[in-house]
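Single-structure report; data block below.
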Amino acid sequence: MTEISKNPKILTDAFGRKHNYLRISLTERCNLRCTYCMPADGIQLSPKEHIMTYEEIYTIAKKFVDHGVTKIRLTGGEPLVRKDARLIIEKLATLPVQLTLTTNGVIVDKFIDLFKKCGIKTLNVSLDSLDATKNKNITRRSYFEKVYQNILLLVKEGFYVKVNCVLMKGFNDNEVIDFINLSKDLPIQVRFIEFMPFDGNQWNMTKLVSLKEILSEVDSNFAAAEIIKLEDAPNDTTKSYRIKGYQGTFAIISSVTNPFCDGCNRIRLTANGQIKNCLFSSKESDLLTPLRAGKSIEPIIQKTIQSKFKIRSGMDTLEKFNQPDLHGNNRSMITIGG
Ligand code: SAM
Ligand code: SF4
């Protein structure tokens, strides 16, 4: 009898949510230094020997797939800066899953052929401003033109691109309409992400641009009849819309003001082999040490899924965001992967 038929429910939590979407962070390293993602003075990288090898990533991913995972997203840090990223992508593409990536787009042009070969059809590319100077301020690097051109290249090559934009008050909140207008002639999805708190990213509620504020900006710039609400799939984190006549769409990810935990199907594996049952949780479970010791990791996976809170790792009200002890100990986003 296989492990699956012995225990078919290890990825189902106490609230009946089935976790069929695994997000794997390939590395803690990055070629950008986004202010909202990592502290100004950088992060303490895990020692190299604590980072999962290519074989370990595959072994863990395969276990999840055997238990029902059908979608894998590679993230980071910047997943494409990992030296053996090609090998990992090729190997994971042999699993029966929808494989995709979240990338900052800086070196994506070097991977187009590989993505096609591996059946990757959609990519999330992060871009927070359409202004080169602002982009430099947020990423602490000068790659705006490169990323912008790479987004156009991906579209030209037939990939479905979702552009991730973290909005921050007084910084890029005046670009909402410019971003939406990108979807006029490009068949992309622009996704506005509410700014979330992580270790060292100077988060506070006043910097957040909420779902409500984004929609109000949209309402002020387009007639009601032009704003079309689209249907969202049950596990979608987005609320999506199309402006009438536009080729692409836009969407809002409102993790802070309007959580979507009811349909959560995600589990996260960090580059150093820890699983997290929620983006907001500071708790982690080590899979790598037992894997290296030849022990079964299924009981740990099951326990981690079972201990998942109903809403945002216990931060079930907006007021709780004002208590830094509830979220301030969470890793920097760069070591989780979004
Ligand atoms: N380097 C890749 C990239 O930037 O797309 C992948 C890793 S990055 C951590 C994944 C996603 O997390 C990006 O879209 C980024 O904008 C988002 N992110 C990082 N810090 C965030 C924060 N504090 N609040 C909301 N989203 C954040
Ligand atoms: Fe790097 Fe992505 Fe974090 Fe920016 S958001 S620092 S590109 S990992």
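Laboratory data are not the source of any read-out in this text; all were calculated from the coordinates shown. Given the structure is predicted, the values throughout are model-derived calculations rather than measurements. Counting neighbours? That spans all protein chains shown, and the Cβs are built from the backbone with ideal geometry, glycine included.
Taking amide H as placed 1.01 Å from N in the peptide plane, the amide H of N104 sits under 5 Å from that of S126, each at least 5 places away or on another chain. Under 17 Å from the 7 Å Cα→Cβ point of A233, by amide nitrogen: which residues of region 181-198? Output list for this probe position: 188-191.
Once you sort the root eigenvalues of the Cα gyration tensor of region 203-252 as a ≥ b ≥ c, which label holds: rounded (a/c under 1.5), prolate (a/b larger than b/c) or oblate (the other case)? Intermediate results must be reported in sequence, preceding the final value.
On the way: a/c = 2.68, a/b = 1.30, b/c = 2.07.
Here region 203-252 falls in the oblate category.
Amide H contacts of V190: V163, T249, F250, A251, each under 5 Å away and 5 or more positions distant or on a separate chain (H built 1.01 Å from N in the peptide plane; Pro and chain starts excluded).
Between amide H atoms placed 1.01 Å from N, distances below 5 Å from Q274 occur with L287, all of them 5 or more places distant or on a separate chain. Placing pseudo-labels 7 Å out from each Cα toward the beta carbon at D262 and L215 gives an inter-label distance of 1.5 nm.
With a/c under 1.5 counting as rounded, go ahead and sort region 216-320 into rounded, prolate or oblate using the C-alpha gyration tensor (a ≥ b ≥ c being the square roots of the eigenvalues; past the cut-off, prolate if a/b is larger than b/c, else oblate). Each step should come with its number before you reach the end.
On the way: a/c = 3.56, a/b = 2.45, b/c = 1.45.
Prolate shape, in that a/c is at least 1.5 and a/b is the bigger ratio.
Between K244 and T122, the distance separating the two model label sites (each 7 Å from Cα on the Cα→Cβ line) works out to 2.7 nm.
Lacking any other cysteine beta-carbon closer than 4.7 Å, the following Cys residues of the chain have no compatible partner: C30, C118, C165, C261, C264, C278. 3J(HN,Hα) couplings calculated from phi for region 241-257 with the Karplus curve 6.51 cos²θ - 1.76 cosθ + 1.60 (θ = phi - 60°) are, in sequence order, 9, 10, 8, 3, x, 7, 6, x, 9, 9, 8, 10, 10, 9, 4, 8, 8 Hz; Gly and Pro show x.
DSSP beta bridges confined to the chain are antiparallel in about 30 percent of cases.
Using Cβ point charges alone (K and R +1, D and E -1), the dipole size of region 1-127 about the Cα centre works out to roughly 380 debye.
What does the charge dipole of region 66-196 about its Cα centre add up to, to the nearest 20 debye, if the Cβ of each Lys and Arg holds +1 and the Cβ of each Asp and Glu holds -1? Please list the in-between numbers first.
Working: 20 positive and 15 negative charges, 71 e Å.
For region 66-196, the charge dipole is close to 340 debye.
Please name whichever of I88, L167, L130 sits farthest to the positive end of the charge dipole of the chain, dipole taken about the Cα centre and charges placed at Cβ: Lys and Arg +1, Asp and Glu -1. Of the listed residues, the answer is I88. In a simple Cβ point-charge model (Lys, Arg +1; Asp, Glu -1; nothing else charged), the chain has a dipole of about 780 debye relative to its Cα centre. Checking the a/c ratio against 1.5 first, then a/b against b/c, what shape does the Cα gyration tensor give for region 182-266? The shape class here is prolate.
Averaging the sequence gap over all C-alpha pairs within less than 8 Å and six or more residues apart, then dividing by the number of residues, gives region 1-89 a relative contact order of 49 percent.
Give me the extension gain from A224 to D113: residue separation times 0.36 nm, minus the current Cα-Cα distance, reported in nm with one decimal. The partial results should precede the final answer.
Numbers: separation 111, 0.36 × 111 = 39.96 nm, distance 4.19 nm.
Residue separation times 0.36 nm, minus the Cα-Cα distance, leaves 35.8 nm.
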